[in-house]
Amino acid sequence: MAQLQWNDSLSIGVELIDGQHKTWIEKYNALSSAIEMRQGPREIAETLNFLVDYTAFHFDAEEQQMAAVSYPNLDEHHAKHEELQTALGRLIDDFQEEGATHILADFLDTFLGNWLVDHIRSIDVQFGAHLKDKGIELAGDA
């Protein structure tokens, strides 16, 4: 499975959110490697659970920032986040039922990796542009 690599095309220009995206990619890569290397179910489950929890944390933080600046596309953005969280729930169910299968690995590689990159480049970047247009800078720890 291909590893995701952070590069400038994934930066939305918001330090807090970019930092969280970097952490998400790091954990995605760890999960991908754990499945590919057929590490034990415990390690895969822990990494998968962290990824799910971190995704919820990140989405909440991102949406709070959007609400704080009255971002006009917050509802649409929230709907996209809900779609991924539903897919992650199915991923957890599949892992619990089937273990680390090729189907799980393919889902991670194709859907999850592509979703993140596409979401950042097409949806999150709009929030970054909105902040830049309004002259708003967000800072914080990831």
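Just one of (1) surrounded by 18 or more Cβ atoms within 10 Å (Cβ to Cβ); (2) closer than 26 Å to Gly135 by Cα fails for Lys22. It is (1). For the range 96-128, the candidate set comprises residues that are of a type in the set (Val, Ile, Thr) and surrounded by 13 or more Cβ atoms within 10 Å (Cβ to Cβ); within that set, the residue that is farthest from Glu63 (Cα to Cα) is Thr101. Scanning the range 26-46 for residues that are open to solvent by 40 Å² or more (accessible area, probe 1.4 Å) and at pLDDT 80 or above turns up Glu26, Lys27, Ala30, Glu46.
Residues checked against (1) aliphatic (A, V, I, L, M); (2) touching a Leu at 6+ places or on another chain (Cβ under 7 Å); (3) at negative phi:
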| position | (1), (2), (3) |
| --- | --- |
| Asp53 | no, no, yes |
| Phe59 | no, no, yes |
| Gln65 | no, yes, yes |
| Asp75 | no, no, yes |
| Thr86 | no, no, yes |
| Leu112 | yes, no, yes |
| Val125 | yes, no, yes |
| Leu131 | yes, yes, yes |
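Within the range 89-113, residues that are touching a residue at least 60 places away in the same chain (Cβ under 8 Å) have Cβ atoms under 9 Å from residues that are surrounded by fewer than 18 Cβ atoms within 10 Å (Cβ to Cβ) and among the basic types (Lys, Arg) in these pairs: Ala100/Arg38, counting only partners at least 6 apart in sequence or on another chain. Scanning the range 57-73 finds no residues that are in contact (Cβ under 8 Å) with a residue 24 or more places away in the chain, surrounded by fewer than 17 Cβ atoms within 10 Å (Cβ to Cβ) and among the charged types (D, E, K, R). Looking only at the range 47-89, which residues are at pLDDT 90 or above, closer than 23 Å to Ala30 by Cα and hydrophobic (A, V, I, L, M, F, W, C)? Within the range 47-89, Ala56, Phe57, Phe59, Ala61 qualify. The residues on offer are Leu131, Leu88, Leu138, and the sole one that is closer than 19 Å to Gln20 by Cα, assigned to a loop (DSSP other than H, G, I, E, B), open to solvent by less than 80 Å² (accessible area, probe 1.4 Å) and not charged (D, E, K, R) is Leu138.
Is it true that Ser122 is of a type in the set (Ser, Thr, Tyr), part of a helix (DSSP H, G or I), free of Cβ contacts under 8 Å to residues at least 60 places away in the same chain and within 19 Å of Gln20 (Cα to Cα)?
Details: of a type in the set (Ser, Thr, Tyr): yes; part of a helix (DSSP H, G or I): yes; free of Cβ contacts under 8 Å to residues at least 60 places away in the same chain: yes; within 19 Å of Gln20 (Cα to Cα): yes.
For Ser122, the condition - of a type in the set (Ser, Thr, Tyr), part of a helix (DSSP H, G or I), free of Cβ contacts under 8 Å to residues at least 60 places away in the same chain and within 19 Å of Gln20 (Cα to Cα) - is met.
Every condition in (1) under 26 Å from His130 (Cβ atoms); (2) of a type in the set (Asp, Glu); (3) more than 16 Å from the chain's Cα centre (by Cα) is met by Glu36 except one, and the failing one is (1).
Could you tell me which of the residues Ala45, Ala79, Ala61, Ala56 is closer than 17 Å to Asp18 by Cβ and either assigned to a helix (DSSP H, G or I) or within 19 Å of the chain's Cα centre (by Cα) (or both)? Explain how you work it out, then say what you get.
On the way: Ala45 fails: closer than 17 Å to Asp18 by Cβ; Ala79 fails: closer than 17 Å to Asp18 by Cβ; Ala56 fails: closer than 17 Å to Asp18 by Cβ.
None of the other options fit; the residue is Ala61.
The values are calculated or read from the model by the stated rules, or taken from the named source; none is laboratory data. Everything numeric in this text was worked out from a predicted model, so none of it was measured. Neighbour counts run over all protein chains shown; Cβ positions are idealised from the backbone, glycine included. In case anyone asks, the SASA skips ligands and DNA or RNA and just uses the protein heavy atoms, side chains included. Shrake-Rupley method; radii C 1.70, N 1.55, O 1.52, S 1.80 Å.
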